[in-house]
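Novice: Let me begin by handing over the structure; questions about it come next.
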Amino acid sequence: MPWNSPGNKNDDPWNKNSNNQGPPDLDEIFQNLSRKFGGIFGGKGGGSSAAPSGGNAAGIGLFALIVAGLIWASTGIYTITDGEAGVILQFGEYKELTTPGLHWHMPYPIEELQVVDMQQVRSSKHQTTMLTKDENIVEIILAAQFRIKDAPNYLFNLRDPIVTVKQAMESAIREVAGKSTVDFVLYEGLEVISSNTKTLMQEILDRYNSGIEVTTLNLEKTQPPAQVQNAFDDVIKSREDLERYIEEAEAYANTIVPQSRGEAARITEEATAYKEAIVSKAEGEAERFEALLVEYNKAPEITRERLYLEATQAVYSNTTKIMMDVEGSNNLMYLPLDQLMQNNRAPSGSVNFGSPSSTSTTDNTNPRRSTRGREAR
Amino acid sequence: MISKLLIAVTVLVVIVFSLCTYTVKETERAILFKFGEIKQDDIKPGLHWKMPFINNERKFDSRILTLDVQPDLFPTNEKKYVYVDYFVKWRIDNVRDYFVATGGLEERANSRLSQITKDDLREEFAKRTIKETVSGERADIMDALVIKANIASKQLGIQIVDLRISRIDYTDDISESVYQRMSAGRDRVAKDFRARGKESSEKIRAAADRERQITLATAYKTSEQLRGDGDATAANIYAQAFGKDKEFYTLTKSLTAYKQTFNSKNDILVLEPNSQFFRYFNQSKPK
């Protein structure tokens, strides 16, 4: 566009024709300019205002063109800040990518600028149910953050890059989930799944030369569908139950094992006590016997007699007795033993019994009399 | 006068220029016609000349476009129906063919593509089980379809960049039985956990019981040994002492035994006065 550029004005055929004075002098142009300025700003007070001429008119036109040209050219000045990229199109065709700083492009309609924010992180969220490898259904909420890594690709290759991001994400997560088991998706493999999904998603986006980079991908939530939530919760509970059963058993073991050691110690101690006691008792009794034996040997007859009588006395004085001083036992005798036993339980310890042949009641404090009564019959 | 001329010339240039040129954007490809006949195709981005009123141009979006197909029911190998949702990424490969085949109408292109891909996809699904389509062979299906569909779409001047299955879902009644199966599967896992818990619990308890029993039995053994020792020692002591006068020992031991045996009012003795004790009971003379 040579006629639009002030520097090439000399080549402008129409301009040349109108001046008819050969190449125009720059000084003259400026003189014209200043005169024109004087005319505008000085008003009628300026003497030069009364000198309209063809050259003057041409000057005004030229001047207007230059100013217009300058203004037009200045629309091509632009700045790109950090984190942005400028994409310059020349007649719609991609020409260059400009980095941050002050720039100038040829003004519209020759060149156009499209500024792309390279730093802004966008996000896309997606909630969906999907099938796993073992044909279970899971619900997943995932979110991806992405940014533009290549401005021209981003601008020129896809009609709807944002929709594509979402589609790539959905397709990727389903493919990854479809290759994993339900337990892996829900519990064990969250990190693996999100990183695999991110990789696959990036692959898809790169296949389209989308100019988009996935920066992070989070599985915000993976859960079984509401219809089977209870069954899944029960599995978690059962894990807890497993732990609990073991804890309880260990508590049991921790109780009874020390207890049994205590019991064992008691059994052993008791046996030791028994042993000590029985030996002591034997020793005591042996010594007692030996001491008595010495005295017995000095007067055996009398000692025997004394010991016998003392022992017999002790026996008879402590027990209930019935004397049967009857020769020949062919008489039928009835002893109400059960009644005797019953009476003995009374605190007095007295025994009343009637002889089957005697009508008189005898006092047991005098057994002799009772036997007498029987004797008398 | 000259300035007016300048302005007039400029305006004229602009008008002529705008009539004689056209621009194709970076995202477009164009076709140039001469009275409706294609003169030049696949015109690249930039500024191009044309003859006003004789030539006219048409521009087409050359970016990757999306065909998002409505979810549809596809039968699988097992005669189960699944909802399949997929999208096709395509771009114009040959502008001339594209224009001839579709008249440059995107809707027409989309509906043709939709037909082509759907038939192919149906075929692929009918060959496979749900499991195969969901997990292992999803990528294979998609790759195969891209190749296959590209053959058909070439006539349309379209290149299929990608075909991706975004969703495979069960129909509602199948979903219901899947939920039941999932519940049953979970139940199995839960039972397994609980049973294993009980197993461990029983083992621990049994081990504890064993330890307890052994400890007590060992203690019993020791205690019997101790008692035996004691009994033996005591027997020895008694034998040593009482062996000195066997007859006298029998006497004293018998007497002690009598005393200890009959020591309560509940013991009833029925006596005849003929023992040594009653020697003087009926007479006072020495015997």
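Novice: So for A:Leu89, A:Leu337, fewest C-beta neighbours within 10 Å to most, what's the order?
Specialist: Values: A:Leu89 24, A:Leu337 12.
Sorted ascending by nearby Cβ count, the order is A:Leu337, A:Leu89.
Novice: Under the classification rounded if a/c is under 1.5, otherwise prolate if a/b is larger than b/c and oblate if not, where does the range B:235-276 fall, given a ≥ b ≥ c as square roots of the Cα gyration tensor eigenvalues? Intermediate results must be reported in sequence, preceding the final value.
Specialist: Values: a/c = 6.01, a/b = 2.01, b/c = 2.99.
Since a/c reaches 1.5 but b/c is at least a/b, the shape of the range B:235-276 is classed as oblate.
Novice: Could you run the Debye sum over the Cα atoms of the range A:281-320, one equal point scatterer each and no solvent, and tell me log10 of I(q)/I(0) at q = 0.34 Å⁻¹, two decimals?
Specialist: One equal scatterer on each Cα of the range A:281-320 leads to -0.95.
Novice: Separate question: Beyond 30 Å, what share of the Cα-Cα pairs of chain B is found? Please give it as a whole percent.
Specialist: Values: 28795 of 41041 pairs.
That fraction is 70 percent.
Novice: Count, for each residue of A:204-212, the Cβ atoms from other chains sitting within 10 Å of its Cβ, then give me the mean as a whole number.
Specialist: Details: counts 3, 0, 0, 5, 7, 2, 1, 0, 0.
The per-residue average across the peptide is 2.
Novice: What residues qualify as long-range amide H neighbours of A:Met324, i.e. H under 5 Å apart, gap of 5 or more or another chain, H built at 1.01 Å from N?
Specialist: Distant-sequence amide H within range of A:Met324: B:Leu271, B:Glu272.
Novice: Using the alpha-carbon centroid of each, what span in Å lies between the range B:163-203 and the range A:155-209?
Specialist: One Cα centre to the other: 25 Å.
Novice: Apply the Karplus curve 6.51 cos²θ - 1.76 cosθ + 1.60, θ = phi - 60°, to the phi angles in the range B:105-120 and return the couplings in whole Hz, x for Gly and Pro.
Specialist: Those phi angles translate into 8, 5, 4, 5, 4, 4, 5, 5, 4, 4, 4, 4, 5, 5, 4, 4 Hz.
Novice: Additional query: Alpha carbon centre of the range B:225-246 versus the range B:80-152: separation in Å?
Specialist: Computed from Cα coordinates, the inter-centre distance equals 108 Å.
Novice: Now for a different question. Rounded to whole Hz and in sequence order, give me ³J(HN,Hα) for the range A:241-257 from the Karplus expression 6.51 cos²θ - 1.76 cosθ + 1.60, θ = phi - 60°, writing x for Gly and Pro.
Specialist: 4, 4, 4, 5, 4, 5, 4, 4, 5, 5, 4, 4, 4, 5, 7, 7, 5
Novice: Would you pull out the residues with amide H under 5 Å of B:Ile158's amide H, same chain only if 5 or more places away, H placed 1.01 Å from N?
Specialist: Result for B:Ile158 returns B:Asp93, B:Asn94.
Novice: Select from A:Gly178, A:Val87, A:Gly76 the residue farthest towards the positive end of the dipole of the range A:60-192; place +1 on Cβ of Lys and Arg, -1 on Cβ of Asp and Glu, and compute about the Cα centre.
Specialist: A:Gly76
Novice: Quick one: dipole size for the range B:136-203, taken about the Cα centre, charges +1 on Lys/Arg Cβ and -1 on Asp/Glu Cβ, in debye to the nearest 20. Working shown, then result.
Specialist: Numbers: 13 positive and 12 negative charges, 61 e Å.
In debye, rounded to 20, the range B:136-203 gives about 300.
Novice: Identify all lysines with a Cα-Cα distance to B:Lys59 below 23 Å; exclude those on the same chain that are fewer than 8 residues away in sequence.
Specialist: Within the straight-line cut-off, B:Lys59 pairs with A:Lys95, B:Lys25, B:Lys34, B:Lys39, B:Lys44, B:Lys50, B:Lys89, B:Lys154.
Novice: Would you list, by chain and number, the lysines whose Cα falls below 22 Å from the Cα of B:Lys79, excluding same-chain residues fewer than 8 positions away?
Specialist: Leaving aside lysines fewer than 8 places away in the same chain, those within reach of B:Lys79 are A:Lys133, B:Lys118, B:Lys127, B:Lys131.
Novice: Still on this structure, I have one more. Over the Cα atoms, compute the radius of gyration (one decimal) and Dmax (the largest Cα-Cα distance, rounded to a whole number) for the range B:118-268, in Å.
Specialist: Cα radius of gyration and Dmax of the range B:118-268 are 46.2, 137 Å respectively.
Novice: Can I ask one more? What is the diffusion coefficient of the range A:167-293 in µm²/s, taking the Kirkwood radius over Cα pairs and the Stokes-Einstein relation at 37 °C with a viscosity of 0.692 mPa s?
Specialist: Details: Rh = 21.8 Å.
Stokes-Einstein gives a translational diffusion coefficient of 151 µm²/s.
Novice: Further question on the same structure: How would you rank B:Thr252, A:Thr303, B:Thr117, going from fewest to most other Cβ atoms within 10 Å of each one's own Cβ?
Specialist: Details: B:Thr252 20, A:Thr303 17, B:Thr117 24.
Starting with the residue having the fewest Cβ neighbours, the order is A:Thr303, B:Thr252, B:Thr117.
Here, each number is a calculation from the coordinates, and none is a lab measurement. Small disclaimer: the values here were computed from a predicted structure and weren't measured. Glycine also receives a Cβ, built like all others from the backbone with ideal geometry; neighbour counts cover every protein chain displayed.
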